[in-house]
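The values are calculated or read from the model by the stated rules, or taken from the named source; none is laboratory data. These numbers were taken from a predicted model, which means no experiment stands behind them. Every residue, glycine among them, receives a Cβ derived from its backbone with ideal geometry; neighbour counts consider all protein chains shown. Side chains are part of the model used for accessible areas, which takes the heavy atoms of the whole protein and leaves out ligands, DNA and RNA. Shrake-Rupley method; radii C 1.70, N 1.55, O 1.52, S 1.80 Å.
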Amino acid sequence: GAVVSQHPSWVICKSGTSVKIECRSLDFQATTMFWYRQFPKQSLMLMATSNEGSKATYEQGVEKDKFLINHASLTLSTLTVTSAHPEDSSFYICSARGSGGSYGYTFGSGTRLTVV
Amino acid sequence: GQQLNQSPQSMFIQEGEDVSMNCTSSSIFNTWLWYKQDPGEGPVLLIALYKAGELTSNGRLTAQFGITRKDSFLNISASIPSDVGIYFCAGAGSGNTGKLIFGQGTTLQVKP
């Protein structure tokens, strides 16, 4: 149990375009989802926390207008990188947590974004 | 903000050797988790610790939640080549957000 599916696994886009990344909990209801970014040879840095049906809470220094997060249902959260630039190229990873923390923190397989 | 200090940063060991890595924090955490990440993949949970002083094993892996709630260690016994990867500790503090803070990671290389 506790499977999180993240798509796409990789994407290449042109500067100025927007990219949407999906994160789905397949066998549990994710009341909270987290979005991380990871640069090469570095740790995971939390970008934002989203609870179903409410606005996401962004970490300090993360532009909420650039990284749009939607958590419209208990099984789906999306991260949209708007007007992407090469410096947005990174590995983006989502994590989902069930109600009461019963499923701990399950991570998706990540999305490699390359902006050219 | 909360930070986790993980050490060592990297290890290069011989197959069959035991490995130990640890994380410390200036803040108290209510949950300590240990993950392994392979290149191009998301982290995979190895061991979860929810109680101060808890010692938990998962096969050749053993982890402990420090009694002060500010540290944790992970031991791998009799390492094998497939243990290669990056190991992260992560802590969740108090409050309702439940957000995880990650350590810097320990890169493990195993020589057959």
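When the Karplus curve 6.51 cos²θ - 1.76 cosθ + 1.60 is applied with θ = phi - 60°, which whole-Hz ³J(HN,Hα) does each residue of region A:15-24 get, with x for Gly and Pro?
4, x, 8, 10, 10, 10, 10, 9, 9, 10
Express the accessible area of chain A per residue in Å², computed with a 1.4 Å probe while the remaining protein chains stay in the model.
48
Seen from all sides and averaged, what is the projected area of the convex hull of the Cα atoms in chain A, in nm²?
6.7
Can you tally the net charge around A:Val62? Count Lys and Arg as +1, Asp and Glu as -1, for every other residue whose Cβ sits under 14 Å from the Cβ of A:Val62.
Result for the neighbourhood of A:Val62: 0.
Which trypsin sites (Lys or Arg not before Pro) in region A:1-62 sit in a loop by DSSP (not H, G, I, E or B) and have at most 11 other Cβ atoms within 10 Å of their own Cβ?
The qualifying sites are A:Lys14, A:Lys41.
Quick one: what are the phi-derived ³J(HN,Hα) couplings along region A:7-14, Karplus 6.51/-1.76/1.60 with θ = phi - 60°, whole Hz, x for glycine and proline?
So the Karplus estimates, Gly and Pro as x, are 9, x, 7, 8, 8, 10, 9, 7 Hz.
Can you give the average number of partner chain beta-carbon atoms within 10 Å of each beta-carbon in peptide B:32-42, as a whole number?
Per-residue shielding by partner chains comes out at 4.
Report, in debye and to the nearest 20, how large the dipole of chain A comes out about its Cα centre when Lys and Arg carry +1 and Asp and Glu carry -1 on their Cβ.
140
Can you compute the radius of gyration and Dmax for the protein assembly as shown, using only the Cα atoms, both in Å?
Every Cα atom of the protein assembly as shown included, Rg and Dmax give 17.5, 51 Å.
Which Cα, out of A:Ala84, A:Gly104, B:Phe73, lies furthest along the positive dipole direction of the protein assembly as shown (beta carbon charges, K/R +1, D/E -1)?
Positive-most Cα among the choices belongs to A:Ala84.
Quote the relative contact order of chain A in percent (integer), defining contacts as alpha-carbon pairs under 8 Å separated by 6+ residues.
37
Straight-line reach only, C-alpha to C-alpha below 23 angstrom: list the lysines that B:Lys99 could link to, leaving out same-chain residues fewer than 8 apart.
B:Lys99 reaches A:Lys20, A:Lys41, A:Lys55, A:Lys64, A:Lys66, B:Lys36, B:Lys51, B:Lys70.
Tell me: how much accessible area in total is hidden between A and B, 1.4 Å probe, Å², nearest 100?
Its buried surface, counting both partners, is about 1300 Å².
Can you order the peptides A:71-78, A:4-11 by their average number of other Cβ atoms within 10 Å per residue, highest first?
A:71-78, A:4-11
Once neighbouring chains are kept in place and the probe is 1.4 Å, which whole percent of the accessible area of the protein assembly as shown is contributed by carbon and sulfur?
Solvent-exposed carbon and sulfur of the protein assembly as shown make up 51 percent of the total.
So in chain A, which Cys have no other cysteine's beta-carbon sitting under 4.7 angstrom from theirs?
Result for chain A is A:Cys13, no neighbouring Cys Cβ within the cutoff.
Rounded, prolate or oblate: pick one for chain B, where a ≥ b ≥ c are the square roots of the eigenvalues of its C-alpha gyration tensor, a/c under 1.5 means rounded, and failing that, prolate if a/b is larger than b/c, else oblate.
prolate
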